[in-house]
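Got a structure for you, questions after.
The values are calculated or read from the model by the stated rules, or taken from the named source; none is laboratory data. Keep in mind that this is a model prediction, so the values were computed, not measured. Positions of Cβ are generated from backbone atoms using ideal geometry, with glycine treated the same way; all protein chains shown enter the neighbour counts. For the accessible areas, the whole protein counts, side chains as well, though only heavy atoms, and no ligand, DNA or RNA atoms are used. Shrake-Rupley method; radii C 1.70, N 1.55, O 1.52, S 1.80 Å.
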Amino acid sequence: MSSFTTMRHPLTASAAFAAVLLCVSFVSQGECQATTPPPSAPCSTYKTCDTCVPNAKCLWCFTTNNCTEYPVSWLLPPASVCQLSQARWGVCWLNFEALIITLAVVGGAILISIIACCCCCCCKKRRSGHDRDEERFARRREEIKQRSEERKVERKARHDEIRRKYGLMGDSDHPYSKFENE
C-alpha cells in the first residue's frame with residue numbers, strides 16, 4: 001500500500017505542473033489576441049487593380065474600372081456586380097473565370113490522384129493477402145505430400161516385412177530367384 005501512495009505523489013505533482021503550464025499558455029495567448037488590427041479602408045477608395053486585389057474582401061472589375069466589395073454571401077460574384085471574365089480577385093493578371101476553372105482542374109486532379117492512390121493501396125493489400133493465401137495453400141499441399149510419402153514408405157516397409165514373413169521375398173540379388181526355388 002505504501003508503494004501505491006509513493007507512486008501517487010509524482011503523478012499529482014505532474015498533473016499540477018501540467019495544469020499551471022496550460023493556464024500560463026492560455027493567459028499568454030489571450031494577451032496576443034487582445035490586439036485588434038487597424039480598420040482597413042473601404043474597397044471603393046482603391047483606384048487601380050494592383051492596390052485593390054491584395055485585399056481579400058475587394059474585387060476589381062475591368063468593365064467599370066472600380067473596386068467593389070467581394071460579395072461573400074455568394075461563392076461567385078453575380079453578373080450585376082461584374083462579369084466573371086472581367087472580374088479580378090487575388091491577382092490582376094488572372095480573371096475570376098480562369099481562376100475558378102484552374103482551381104477546379106487542380107482540385108479534380110488532386111482528388112483523382114488521391115482516389116487512384118487509395119485504389120492502388122487497396123489492390124496491393126488485397127494482392128498481398130491473396131499471395132499469403134496462396135503461399136499458405138502451397139505450404140499445406142507440401143505438408144500433405146510429405147505425409148503421403150511417409151505413409152507410402154511405411155506401407156512398403158510393412159508389406160516387405162509381411163513378404164519376408166511368408167517367404168514371398170526371396171533373394172533379391174537377381175530377379176529369377178523365384179523360379180530357382182521351384
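How many of the residues in the stretch 56-75 are at pLDDT 85 or above and surrounded by 17 or more Cβ atoms within 10 Å (Cβ to Cβ)?
6
When only residues in the stretch 76-106 that are in a helix (DSSP H, G or I) and within 19 Å of Ala56 (Cβ to Cβ) count, which is most open to solvent (accessible area, probe 1.4 Å)?
Leu103
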